[in-house]
Amino acid sequence: MAETSGTDAARERLARAQYALLAALVTDAPPPPGFDPRRVAVQRRALHAKRAGVVAKVAPELPALLGDDYRRLFLGYAGKRAMTDGGYRRDALDFARHLISVRAVPEPQMDRLAAWLAGETAPPAGPFRRLVTALRGGRKAVNR
C-alpha cells in the first residue's frame with residue numbers, strides 16, 4: 001500500500017508542477033522551480049504574440065480600431081488572463097470588454113469599440129434571429 005501512496009504523491013507533485021508551468025506560459029505567473037525564467041518568458045511572449053495574431057485575424061476590426069496600440073494592449077491583457085474554452089472569437093470579445101471596463105483607450109476609441117462590441121454580440125437580423133435568440137436563452141425555437 002505504501003507504494004501506491006508514494007505513486008499518488010509523485011503524481012500529485014507532477015500535476016502541481018505541470019499546472020505551475022502552464023500558468024507561467026499563459027499568464028505572467030512565475031515559473032516553477034527548476035525552470036529557467038528567461039526561457040519561460042521567451043516562450044510566454046511567443047505564445048502571447050501568436051494569440052494576438054490569431055485574435056487579429058478573427059476580429060480584424062480590433063487592430064483597425066486600436067491602431068498601433070493593439071498589440072501592446074492585447075499583450076497586457078493576455079498576461080493577466082489565460083484564454084478560455086470559448087476560443088479566439090470569445091477571446092476577442094473578452095478583450096474588448098476588458099478594454100472598456102478598465103477604460104484603457106481614449107473616449108473616441110472607446111465609443112467605436114463599444115459600438116463594435118454591441119454589433120458583434122447582438123443577435124442576427126432576419127430569419128435566424130429567433131433561432132439564435134432561442135439558443136442563447138435556452139428556449140425552444142418555434143416556427144410560426
Legend entry - Estimated vicinal HN-Hα couplings, Hz - the stretch 21-31 in sequence order (Karplus 6.51, -1.76, 1.60; Gly, Pro = x): 5, 4, 4, 5, 7, 9, 9, 8, 5, x, x
Inset, instruction - List the chymotrypsin sites (Phe, Trp or Tyr not before Pro) within the stretch 1-90 that fall in a DSSP loop (any state other than H, G, I, E or B) and whose Cβ has at most 16 other Cβ atoms within 10 Å. - result: F35
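In a shell of Cβ-Cβ distance under 11 Å around A92, excluding A92 itself, what net charge do Lys and Arg (+1) and Asp and Glu (-1) give?
Here the charged neighbours net out to +1.
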Legend entry - Cα centre as origin, Lys/Arg/Asp/Glu Cβ charges: the stretch 2-137 dipole, Debye: 180
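Any read-out appearing in this document is the output of simple, stated calculations on the displayed coordinates, not a laboratory observation. Everything numeric in this text was worked out from a predicted model, so none of it was measured. With ideal geometry, Cβ positions are generated from the backbone for all residues, glycine too; neighbour counts draw on all protein chains shown.
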